[in-house]
Amino acid sequence: MINTLFHHLKLIVFLFTCNIVFTLNDSFATELSKTFTSFSQETTSDLLEKKSFFLSYRNHRRDILWPYPNALEKSFDWGIDTNIHSGSVNPDEFSGVSLSTLIGKKFSSELYSQINVGFHNLENKTAKSKQTITNFQFSTQYVITSTLSANFRYTHDYVYYEMMLPKGVTDYLEADSLYTTFTYKWSKRIKSKFNANWKLLSDSNTKKQYSFDTLYGVSPGWPWIWFGLGMEHLSFTKDLDGYWTPLDFLMIGPRLEAAFTLYKKLSITIAFNANRYHDRDLDTWGNGYYGTVKLQYGKRDELHYELLYTKIETSQNSTKWNSDQVALQMAIFL
């Protein structure tokens, strides 16, 4: 079933590309361009270290789910993305460079699609080997009704930068991935979000991940404060060595999202998930949490700077695992 779905997605990407080629006489975006850059560093308790640099340019500042001021009704967009990763996962040191170009089309204020195509070079410095693949991403944002919106993303790329290590580096693991998100607003103060992620990996393994959250808006405006409950299920078809592959893993717990102004142009955003874990294949229980804090100086649609810190910690039986990540980001509009 999932294999058939991915074949259909490839056809959709092809048809979208044809549509772009045959309608290029339409106008390109004349809105403000956006340049975004980010540097992050992550370390984990199992001796993973990773540094990442990201730089992107868009001739627009496009987001139909949260529109920027004075957005055009219809337009074409283009841009360039660069990702540079380096790190180590004992005993292998690695580096990766990805460069892609994108072209997008805003069909209306409710529908936007774009496709990224480029290359991704991954080098295992310890083994003195490297490999380059063609990577791509097709994404769509769709405002279905005033209360229901959807986000779809289909990609083909390496998976090492998604923490699927060490096999992501040693075996140059690739995947076709589909990400879907549906958000439904029951009322001004109640909303639900459903996420689904499927991965077809090059080692013949398949990942399925689902999550569902329902939040209540204590303050749905500004300050922005939402609290609720969420659950997530993760499974792989095969239990393999080289990366974490639970066969039946369930998480459930409270969720908190908040954003408010600290002082003039300085604001803070907080997200926190606490979870009770159950590995149903091994019949073991555990606890954990995910927390992130972002300080932002400047408004969203103007030059702004962001400092992020993310902490993840889990414990199951006598085993503990944690991850710390720090990121510095900047957005420029011209």
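The values are calculated or read from the model by the stated rules, or taken from the named source; none is laboratory data. Everything numeric here is computed off the predicted structure, so don't read it as measured data. No Cβ is skipped: glycine too gets one built from the backbone with ideal geometry, and neighbour counts run over all protein chains shown.
Given Gly217, Gly230, Gly221, which one is touching an Asp or Glu at 6+ places or on another chain (Cβ under 9 Å), free of Cβ contacts under 8 Å to residues at least 60 places away in the same chain and over 21 Å from Asp281 (Cβ atoms)?
Gly230
Looking for something surrounded by 14 or more Cβ atoms within 10 Å (Cβ to Cβ), outside any strand (DSSP E or B), of a type in the set (Val, Ile, Thr) and modelled with pLDDT under 80 - is there at least one such residue anywhere in segment 14-31?
Checked segment 14-31: at least one residue is surrounded by 14 or more Cβ atoms within 10 Å (Cβ to Cβ), outside any strand (DSSP E or B), of a type in the set (Val, Ile, Thr) and modelled with pLDDT under 80.
Just to be sure before I move on: is Leu229 of a type in the set (A, V, I, L, M), in a strand (DSSP E or B) and touching a Phe, Trp or Tyr at 6+ places or on another chain (Cβ under 8 Å) in the structure I sent?
Considered against the rule, which asks whether it is of a type in the set (A, V, I, L, M), in a strand (DSSP E or B) and touching a Phe, Trp or Tyr at 6+ places or on another chain (Cβ under 8 Å), Leu229 comes out as no.
Every residue in segment 65-103 that is within 25 Å of Asp301 (Cβ to Cβ), in contact (Cβ under 8 Å) with a residue 60 or more places away in the chain and crowded, with 20+ Cβ neighbours inside 10 Å, please.
Within segment 65-103, Asn83 is the sole residue that qualifies.
Across segment 220-232, which residue is nearest to Tyr277 (Cα to Cα) among those that are surrounded by fewer than 16 Cβ atoms within 10 Å (Cβ to Cβ) and modelled with pLDDT of 95 or more?
Checked segment 220-232; the qualifying residue nearest to Tyr277 (Cα to Cα) is Leu229.
Looking only at segment 176-212, count how many residues are among the charged types (D, E, K, R) and not in a strand (DSSP E or B).
Looking only at that region, the number is 3.
What pairs come out if I take residues in segment 159-174 that are small (Gly, Ala, Ser) and pair them with residues that are modelled with pLDDT of 95 or more whose C-beta lies under 6 Å away, six or more apart or interchain?
Once the first residue is small (Gly, Ala, Ser) and sits in segment 159-174, its partners that are modelled with pLDDT of 95 or more give Gly168/Val159.
In segment 241-301, which strands (runs of 3 or more DSSP E) lie fully inside it and hold 2 or more residues that are farther than 18 Å from Thr319 by Cα and of a type in the set (Gly, Ala, Ser)?
Because the criterion is at least 2 residues that are farther than 18 Å from Thr319 by Cα and of a type in the set (Gly, Ala, Ser), the strands (runs of 3 or more DSSP E) in segment 241-301 that meet it are 249-263, 266-279.
Within segment 44-69, track down each residue that is more than 22 Å from Asn151 (Cα to Cα) and over 19 Å from the mean Cα position of the chain (by Cα).
Passing the criteria: Thr44, Ser45, Asp46, Leu47, Leu48, Glu49.
Just a yes or no: is a residue in segment 207-228 small (Gly, Ala, Ser), in contact with a Lys or Arg (Cβ under 8 Å, 6 or more places away or on another chain) and more than 25 Å from Tyr289 (Cα to Cα)?
Checking segment 207-228: not a single residue is small (Gly, Ala, Ser), in contact with a Lys or Arg (Cβ under 8 Å, 6 or more places away or on another chain) and more than 25 Å from Tyr289 (Cα to Cα).
Within segment 102-113, is there a residue that is under 19 Å from Thr134 (Cβ atoms) and at pLDDT 95 or above?
Checked segment 102-113: no residue is under 19 Å from Thr134 (Cβ atoms) and at pLDDT 95 or above.
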